[in-house]
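Take a look at the structure below.
The values are calculated or read from the model by the stated rules, or taken from the named source; none is laboratory data. None of the values given here were measured: they were computed from a predicted structure. Here Cβ is always computed from backbone atoms with ideal geometry, including for glycine, and neighbour counts include all displayed protein chains.
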Amino acid sequence: MYVSDRLKNMAESATIKMAELARELKKQGHEVISLSLGEPDFDTPEHIKSAATKALNEGYTKYTPVPGLLELREAISEKLQRDNGLDYASNQIVVSNGAKQSIANLSLSLLNEGDDVIIFAPYWVSYKEIIRLSGANPIFVDAKIEHDFKINAVDLEAAITDKTRLVLFSSPCNPTGMVYTKKEFEPIVEVLEKHPNIMVASDEIYEYINFSEEGHCSIASFESIADRCIIINGFSKGFSMTGWRLGYMAAPLWVAKACAKMQGQFTSGANAYGQKAAADALLSDMSPTKIMNEAFRKRRDLVIALLKEIDGFKVNHPEGAFYVFPDISALYGKKYATKTIRNSADFCEYILNKVHVAIVAGSAFGADECVRIAYSASEVQLREAIRRIKKAVDALV
Ligand code: PMP
Ligand code: GLU
């Protein structure tokens with residue numbers, strides 16, 4: 001009995017693993033607070049649920065076209081025009097079972113063995129493994145907390161080689177919460193303009209969770225590179241629809257066609273009645289999304305203020321998503337019982353076992369000096385969780 005080398009060489013998702021560990025501890029009767037999984041704690045807005053029920057009753061229970069119901073692709077096209085000023089025809093859109101699948105479709109459709117993919121680090125945990133699964137090599141361009149986790153265009157340029165096929169990043173960013181402004185994109189775009197063969201995948205799944213004054217900017221809005229950009233987005237975060245498994249990409253026609261072909265062999269179209277509801281989500285009342293955004297902004301302020309009171313935690317000021325990514329490396333070398341905290345995984349293990357708060361090691365996101373805290377939990381839980389973390393940190397010697 002043996003599994004494939006492909007699987008053996010793949011790391012398990014650290015976010016999902018930590019959430020499972022937290023569930024296990026809860027089952028054993030511990031009062032665990034899980035700030036590990038990036039999942040909004042709000043229910044899906046009522047009108048979206050009603051639209052799904054209605055669609056179900058109307059018989060949307062069959063396979064849809066592989067790239068998605070035309071109605072939903074038209075709604076996405078309208079949304080891209082309305083929110084981002086971007087022109088994508090419905091045949092340039094492919095709806096999938098979550099943005100995660102959109103990224104997998106893209107990697108499997110574009111990349112060959114030996115290609116390089118530049119990933120801005122810290123990066124979302126699954127990028128690296130999805131890219132590796134396609135046979136390509138992830139190449140990281142690092143950004144540190146001192147620069148608000150934003151990369152330097154000079155470093156990007158230095159990482160580009162003849163083998164570079166794709167650049168991949170998220171803004172708003174998971175795990176750092178940083179958001180690129182139009183101005184900050186400019187030097188990055190200037191580098192990309194010099195390399196017309198490189199495709200750009202922009203993961204915008206946190207688009208609607210953005211507290212910055214300027215709001216969301218898509219790199220695809222730069223005309224000079226627009227024909228090489230692939231936008232990844234979805235319904236999980238902005239509409240609190242994680243369990244519906246609905247995401248999409250908007251891409252040059254040839255990329256969309258390639259990804260639809262790939263998806264046709266893997267999963268076919270996404271679920272039918274969910275797609276009807278997703279069209280409704282995009283084109284009807286957006287106020288629940290705005291209310292959630294405001295709640296996340298308040299929590300961000302609370303969490304930052306509380307974390308700043310913990311000795312050894314260095315925090316920046318994230319402008320989007322629902323994560324903070326403090327640098328805790330000042331605590332490395334400290335001890336408890338017979339153990340020493342040497343890295344982010346040691347710290348998370350200590351915090352989980354000592355005070356039953358689940359957070360994720362920065363090493364999973366390419367930054368071992370940090371840990372990720374998802375503030376997609378109530379203010380009461382957040383206050384209690386950070387009180388516990390502080391207590392545990394204060395107990396280190
Ligand atoms: N991209 C990023 C940056 C994410 O944080 C997530 C988390 N779920 C995804 C993509 C995938 O989202 P989903 O598959 O739920 O649409
Ligand atoms: N994207 C979320 C996270 O980063 C959900 C879990 C996952 O898909 O990895 O926690």
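So which residues in the range 247-300 are charged (D, E, K, R), under 26 Å from Tyr375 (Cβ atoms) and part of a helix (DSSP H, G or I)?
Within the range 247-300, the first condition is being charged (D, E, K, R), and the residues that meet it are 257, 261, 276, 280, 285, 290, 294, 297-300.
Pick out the ones that are also under 26 Å from Tyr375 (Cβ atoms) and you get 285, 290, 294, 297-300.
If the condition is that a residue be charged (D, E, K, R), under 26 Å from Tyr375 (Cβ atoms) and part of a helix (DSSP H, G or I), then Lys290, Glu294, Arg297, Lys298, Arg299, Arg300 are the ones that fit.
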Quick check on this structure: which one of Phe325, Phe296, Phe347, Phe313 is within 16 Å of ligand 2 (Cβ to nearest atom), touching a residue at least 24 places away in the same chain (Cβ under 8 Å) and either loosely packed, with under 13 Cβ neighbours inside 10 Å or more than 23 Å from Arg245 (Cβ to Cβ) (or both)? Phe325
For the range 85-103: of the residues being within 16 Å of ligand 2 (Cβ to nearest atom) and surrounded by fewer than 24 Cβ atoms within 10 Å (Cβ to Cβ), which is farthest from the chain's Cα centre (by Cα)? Asn97
Is the range 176-197 home to any residue that is closer than 20 Å to Gln101 by Cα and outside any strand (DSSP E or B)? no
Can you find a residue that is surrounded by 15 or more Cβ atoms within 10 Å (Cβ to Cβ), within 16 Å of ligand 1 (Cβ to nearest atom) and outside any helix (DSSP H, G or I) anywhere in the range 13-24? yes
Just one of (1) in contact with a Phe, Trp or Tyr (Cβ under 6 Å, 6 or more places away or on another chain); (2) assigned to a helix (DSSP H, G or I); (3) within 30 Å of Ser50 (Cβ to Cβ) trips up Gly243, so point out which. (1)
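Name the residue, out of Lys237, Lys276, Lys183, that is of a type in the set (Lys, Arg) and within 16 Å of ligand 2 (Cβ to nearest atom). Quick ask: steps written out before the conclusion?
Values: Lys276 fails: within 16 Å of ligand 2 (Cβ to nearest atom); Lys183 fails: within 16 Å of ligand 2 (Cβ to nearest atom).
It is Lys237.
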Where the second residue is at pLDDT 95 or above and of a type in the set (Val, Ile, Thr) and the first is within 11 Å of ligand 1 (Cβ to nearest atom) and lies in the range 80-100, which pairs have Cβ atoms under 7 Å and are six or more apart or on separate chains? Asn97/Thr267; Ala99/Ile205; Ala99/Ile232
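Only one of Leu110, Leu106 is under 23 Å from Asn9 (Cβ atoms), within 16 Å of ligand 1 (Cβ to nearest atom) and not hydroxyl-bearing (Ser, Thr, Tyr); which? Quick ask: steps written out before the conclusion?
Numbers: Leu110 fails: within 16 Å of ligand 1 (Cβ to nearest atom).
Unique residue meeting the criteria: Leu106.
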Among what's in the range 1-55 and is of a type in the set (Asp, Glu) and within 16 Å of ligand 2 (Cβ to nearest atom), pick the residue that is nearest to the chain's Cα centre (by Cα). Glu39
Inter-residue pairs, beta-carbon under 7 Å, first more than 12 Å from Val94 (Cβ to Cβ) and in the range 55-69, second surrounded by fewer than 15 Cβ atoms within 10 Å (Cβ to Cβ), 6+ apart: Tyr63/Ser268
Pick from Asn174, Asn210, Asn137: which is within 16 Å of ligand 2 (Cβ to nearest atom) and at pLDDT 95 or above? Asn174
Restricting to the range 358-377, and then to whatever is crowded, with 21+ Cβ neighbours inside 10 Å and among the hydroxyl-bearing types (Ser, Thr, Tyr), can you tell me which residue is nearest to ligand 2 (Cβ to nearest atom)? Ser376
